[in-house]
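Following: one structure in structure tokens, then a few remarks.
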Amino acid sequence: MEFITITMLFSLFIIVSSFFLFTSAADGRRKNLPLPPGTLGWPYIGETFELYSQNPNVFFTSKVKKYGSIFKTHILGCRCVMISSPAAAKLVLVTKSHLFKPTFPASKERMIGKQAIFFHQGDYHFKLRRLVLRAFTPESIKHMVSHIESITIDALQSWENRLINTFQEMKTFTFNVALLSILGNDEVLNRDDLKRCYYILEKGYNSMPINLPGTLFHKSMKARKELAKIIAKIISRRRETKEQHNDLLGSFMEDKEGLTDEQIADNVIGVIFAARDTTASVLTWIIKYLAENPAVLEAVTDEQQAIKMSKDECNEDKGLSWVDTKKMPITSRVIQETLRVASILSFTFREAVEDVQFEGYLIPKGWKVLPLFRNIHHSEENFCDPEKFDPSRFMVAPKPNTFMPFGSGIHSCPGNELAKLEILVLVHHLTTKYRWSVVGAQNGIQYAPFALPQNGLPIKLSLK
Ligand code: HEM
């Protein structure tokens with residue numbers, strides 16, 4: 001009873017205090033609340049150049065030092081408030097997510113398709129999220145291990161004894177896995193056509209949205225139309241055969257869900273977009289960090305070798321199983337630490353749907369709000385010696401809301417289990433069969449737009 005009273009009082013305290021900490025502030029302007037501290041830079045370009053011309057850590061860290069964990073800036077043509085405390089990120093992404101809608105450049109919305117999951121809130125988003133999540137639960141992706149393994153083996157064999165651009169090759173690998181998860185067995189049949197169109201489409205993702213013949217944007221939009229046609233063909237073939245499919249397209253196509261072909265195409269393209277470059281850039285960083293940390297590489301190789309040997313001893317000619325992938329704690333910590341150090345998504349974008357009062361400041365309606373994942377992951381308050389690559393730190397769980405490589409709340413990544421699975425399978429085959437060396441000096445980072453080792457990390461790979 002006493003416990004219940006204390007719990008109730010505590011809950012009341014949290015509700016009341018969070019009301020004052022962070023409330024919708026229809027009367028915020030009336031109270032003449034100040035904007036957060038910071039500078040807006042040059043007209044239109046703002047501080048975009050300062051952010052992208054150097055390691056973003058330098059920009060963020062110097063701002064946080066000067067202004068504290070909330071500051072205003074102006075990047076990519078938008079007025080923004082950046083936040084770098086774990087508690088504030090939780091409020092924006094989880095507790096008060098209804099006050100902050102996701103926001104993307106209009107050109108990206110047109111290319112991916114405006115009915116894709118990322119661009120929505122409310123009922124439509126909730127429904128799509130349920131359909132995507134059920135296709136990517138551990139239960140649903142378990143059966144994909146052997147297919148992912150054969151994609152992995154083919155990829156690695158094609159890299160043997162060549163100088164490869166790691167990121168480019170990883171993009172092909174993650175594209176094939178993404179298609180497998182979306183289209184199941186139909187993946188191989190349509191891989192080449194889908195790849196041809198998607199590769200043209202992606203070239204225009206960051207182009208100026210000028211839809212005139214000859215422009216990159218125009219070519220991308222044409223490729224997008226063709227992509228939608230291929231997807232429509234697969235949908236109609238499936239409708240004719242009436243077969244059940246245990247993949248993402250199958251989940252989207254269930255009659256009772258009532259999605260139109262256009263909605264399905266936008267979301268198929270959206271999931272390829274979300275799944276491919278993200279996972280490919282994490283894989284590229286893993287290859288780099290393993291090459292730079294021989295003791296970690298040895299520990300990972302030993303772990304993977306032990307799994308391989310235990311299968312050889314049982315004369316199991318079978319490949320990896322789902323259960324095997326659950327026996328890789330060291331490799332899993334390497335993935336976690338890579339996600340933290342590389343922080344390939346430095347931040348995400350939200351937009352205030354109304355004036356919001358936050359820690360005594362006003363965030364005006366229409367301003368962008370950016371939770372700074374990279375800053376949270378690189379703060380000494382959250383991780384000791386944060387610049388050091390040290391997977392063993394994850395033997396202890398990080399403090400709440402300090403580790404969010406997959407975001408948090410209603411838009412957090414539904415593909416995180418699949419991403420981890422494909423990385424584990426690739427690292428297994430890579431470390432048990434191959435050695436590799438990085439070619440050229442490797443200190444720089446480029447943003448494409450995800451953080452990436454300079455030049456996509458050229459490597460040479462050979463059989464052990
Ligand atoms: C290591 C690789 C990956 C990373 C680091 C990553 C990271 C993220 C993050 C941070 C978000 C949230 C963005 C936000 O809140 O604005 C997100 C959303 C999303 N991710 Fe991933 N992701 C990865 C791989 C994947 C894969 C493999 C898939 C699909 C198979 C996927 C599908 C999605 C989708 C559909 C969303 C949007 C969810 C929504 O709006 O409700 N991601 N991802």
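Conditions (1) closer than 23 Å to residue 192 by Cα; (2) touching a Phe, Trp or Tyr at 6+ places or on another chain (Cβ under 6 Å); (3) surrounded by fewer than 16 Cβ atoms within 10 Å (Cβ to Cβ); (4) touching a residue at least 40 places away in the same chain (Cβ under 8 Å), marked per residue:
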| position | (1), (2), (3), (4) |
| --- | --- |
| 217 | yes, no, no, yes |
| 222 | yes, no, no, no |
| 229 | yes, no, yes, no |
| 232 | yes, no, yes, no |
| 269 | yes, no, no, yes |
| 273 | yes, no, no, yes |
| 284 | no, yes, no, yes |
| 306 | no, no, yes, no |
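From the list 351, 422, which residue is within 12 Å of the ligand (Cβ to nearest atom), among the acidic types (Asp, Glu), open to solvent by less than 10 Å² (accessible area, probe 1.4 Å) and modelled with pLDDT of 95 or more?
Numbers: 351 fails: open to solvent by less than 10 Å² (accessible area, probe 1.4 Å).
Exactly one residue qualifies, and that residue is 422.
Quick one: in segment 167-189, of everything that is within 16 Å of the ligand (Cβ to nearest atom) and without any contact (Cβ under 8 Å) to a residue 24 or more places away in the chain, which residue is nearest to residue 423 (Cα to Cα)?
Among them, the one singled out is 172.
Within segment 425-433, identify whether any single residue is away from the ligand (no atom under 15 Å from the Cβ), open to solvent by 20 Å² or more (accessible area, probe 1.4 Å) and either over 18 Å from residue 58 (Cα atoms) or at pLDDT 95 or above (or both), and answer yes or no. Quick ask: steps written out before the conclusion?
Going through segment 425-433, the residues away from the ligand (no atom under 15 Å from the Cβ) turn out to be 428-433.
Keeping just the survivors that are open to solvent by 20 Å² or more (accessible area, probe 1.4 Å) gives 433.
Filter once more, so that each one left must be either over 18 Å from residue 58 (Cα atoms) or at pLDDT 95 or above (or both): 433.
There is at least one residue in segment 425-433 that is away from the ligand (no atom under 15 Å from the Cβ), open to solvent by 20 Å² or more (accessible area, probe 1.4 Å) and either over 18 Å from residue 58 (Cα atoms) or at pLDDT 95 or above (or both).
Residue 246 fails exactly one of the following numbered conditions: (1) under 29 Å from the mean Cα position of the chain (by Cα); (2) in a helix (DSSP H, G or I). What is the number of that condition?
Residue 246 satisfies every listed condition except (2).
How many residues, within segment 399-419, are buried (at least 17 other Cβ atoms within 10 Å of the Cβ), among the small types (Gly, Ala, Ser) and near the ligand (Cβ under 6 Å from one of its atoms)?
3
In this structure, does residue 164 turn out to be without any contact (Cβ under 8 Å) to a residue 60 or more places away in the chain, open to solvent by less than 60 Å² (accessible area, probe 1.4 Å) and not in a loop (DSSP other than H, G, I, E, B)? Working first, answer last.
On the way: without any contact (Cβ under 8 Å) to a residue 60 or more places away in the chain: no; open to solvent by less than 60 Å² (accessible area, probe 1.4 Å): yes; not in a loop (DSSP other than H, G, I, E, B): yes.
Considered against the rule, which asks whether it is without any contact (Cβ under 8 Å) to a residue 60 or more places away in the chain, open to solvent by less than 60 Å² (accessible area, probe 1.4 Å) and not in a loop (DSSP other than H, G, I, E, B), residue 164 comes out as no.
Is it true that some residue in segment 132-140 is over 19 Å from the mean Cα position of the chain (by Cα), on the phi < 0 side of the Ramachandran plot, within 12 Å of the ligand (Cβ to nearest atom) and among the hydroxyl-bearing types (Ser, Thr, Tyr)?
Taking segment 132-140 first, the residues over 19 Å from the mean Cα position of the chain (by Cα) are 139-140.
Right, trim to on the phi < 0 side of the Ramachandran plot and you get 139-140.
Those left that are additionally within 12 Å of the ligand (Cβ to nearest atom): 140.
Those still in the list that are among the hydroxyl-bearing types (Ser, Thr, Tyr) too: 140.
Scanning segment 132-140, I find at least one residue that is over 19 Å from the mean Cα position of the chain (by Cα), on the phi < 0 side of the Ramachandran plot, within 12 Å of the ligand (Cβ to nearest atom) and among the hydroxyl-bearing types (Ser, Thr, Tyr), so the answer is yes.
Give segment 439-459 a look and list any residue that's open to solvent by 10 Å² or more (accessible area, probe 1.4 Å) and at pLDDT 95 or above, or say none. Give the derivation first.
Our first condition is that a residue be open to solvent by 10 Å² or more (accessible area, probe 1.4 Å); within segment 439-459, this holds for 439-450, 454-455, 458.
Result: 458, single match.
Can you spot a residue in segment 255-265 that is part of a helix (DSSP H, G or I), closer than 24 Å to residue 145 by Cβ and open to solvent by 20 Å² or more (accessible area, probe 1.4 Å)? Please lay out each step first, then the result.
So the first thing to find is which residues in segment 255-265 are part of a helix (DSSP H, G or I), and the list is 255-257, 261-265.
Next cut, closer than 24 Å to residue 145 by Cβ only: none.
Checked segment 255-265: no residue is part of a helix (DSSP H, G or I), closer than 24 Å to residue 145 by Cβ and open to solvent by 20 Å² or more (accessible area, probe 1.4 Å).
Would you check if there is a residue in segment 358-366 being touching an Asp or Glu at 6+ places or on another chain (Cβ under 8 Å) and crowded, with 22+ Cβ neighbours inside 10 Å?
Filtering segment 358-366 down to residues touching an Asp or Glu at 6+ places or on another chain (Cβ under 8 Å) leaves 362-366.
With the extra rule that they be crowded, with 22+ Cβ neighbours inside 10 Å, the set shrinks to 363.
Yes, segment 358-366 contains at least one residue that is touching an Asp or Glu at 6+ places or on another chain (Cβ under 8 Å) and crowded, with 22+ Cβ neighbours inside 10 Å.
For residue 48, indicate whether it is open to solvent by 10 Å² or more (accessible area, probe 1.4 Å) and in contact (Cβ under 8 Å) with a residue 40 or more places away in the chain. Outline the logic, then answer.
Details: open to solvent by 10 Å² or more (accessible area, probe 1.4 Å): yes; in contact (Cβ under 8 Å) with a residue 40 or more places away in the chain: no.
It is false that residue 48 is open to solvent by 10 Å² or more (accessible area, probe 1.4 Å) and in contact (Cβ under 8 Å) with a residue 40 or more places away in the chain.
Okay, residues lined up against (1) more than 25 Å from residue 52 (Cα to Cα); (2) within 13 Å of the chain's Cα centre (by Cα):
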| position | (1), (2) |
| --- | --- |
| 329 | yes, no |
| 388 | no, no |
| 393 | yes, no |
| 398 | yes, no |
| 410 | yes, no |
| 417 | yes, yes |
| 430 | yes, no |
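Of the conditions (1) touching a helix residue (DSSP H, G or I) at 6+ places or on another chain (Cβ under 6 Å); (2) at pLDDT below 95; (3) buried (at least 18 other Cβ atoms within 10 Å of the Cβ), residue 177 clears all except one; give me its number.
It fails just one condition, (2).
If a residue has to be among the hydrophobic types (A, V, I, L, M, F, W, C) and open to solvent by 60 Å² or more (accessible area, probe 1.4 Å) to count, how many in segment 133-161 make the cut?
Of all residues in segment 133-161, those among the hydrophobic types (A, V, I, L, M, F, W, C) come to 133, 135-136, 141, 144-145, 148, 151, 153, 155-156, 159.
Filter once more, so that each one left must be open to solvent by 60 Å² or more (accessible area, probe 1.4 Å): 133.
Summing the residues that are among the hydrophobic types (A, V, I, L, M, F, W, C) and open to solvent by 60 Å² or more (accessible area, probe 1.4 Å) in segment 133-161 gives 1.
So that you can scan it fast, the table gives a plain yes or no per residue for (1) at pLDDT 90 or above; (2) more than 16 Å from residue 347 (Cβ to Cβ); (3) open to solvent by 70 Å² or more (accessible area, probe 1.4 Å):
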| site | (1), (2), (3) |
| --- | --- |
| 3 | no, yes, yes |
| 25 | no, yes, no |
| 64 | yes, no, no |
| 68 | yes, yes, no |
| 78 | no, no, no |
| 91 | yes, no, no |
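Looking only at segment 256-283, count every residue that is among the polar types (S, T, N, Q) and within 11 Å of the ligand (Cβ to nearest atom) and tell me the total. Steps first, answer last, please.
So the first thing to find is which residues in segment 256-283 are among the polar types (S, T, N, Q), and the list is 260, 263, 267, 278-279, 281.
Now drop any that are not within 11 Å of the ligand (Cβ to nearest atom), which leaves 267, 278-279, 281.
Residues flagged as among the polar types (S, T, N, Q) and within 11 Å of the ligand (Cβ to nearest atom) within segment 256-283 amount to 4.
Say we look at segment 312-334 and pick out the residues that are of a type in the set (A, V, I, L, M) and open to solvent by 10 Å² or more (accessible area, probe 1.4 Å); which of these is farthest from the ligand (Cβ to nearest atom)?
Residues of segment 312-334 of a type in the set (A, V, I, L, M): 320, 323, 328, 330, 334.
Of the ones still in play, those that are also open to solvent by 10 Å² or more (accessible area, probe 1.4 Å) are 320, 323, 330.
Values: 320: 18, 323: 21, 330: 18 Å.
Per the criteria, the residue is 323.
Conditions: (1) within 24 Å of residue 257 (Cβ to Cβ); (2) at pLDDT below 95; (3) open to solvent by less than 30 Å² (accessible area, probe 1.4 Å). Residue 107 meets all but one. Number of the miss?
Result: residue 107 fails condition (1) only.
The values are calculated or read from the model by the stated rules, or taken from the named source; none is laboratory data. Note that the structure is predicted; figures quoted are calculated from it, not measured. Here Cβ is always computed from backbone atoms with ideal geometry, including for glycine, and neighbour counts include all displayed protein chains. Each accessible area value is taken on the protein alone, full model and side chains, heavy atoms only, with ligands, DNA and RNA left out. Shrake-Rupley method; radii C 1.70, N 1.55, O 1.52, S 1.80 Å.
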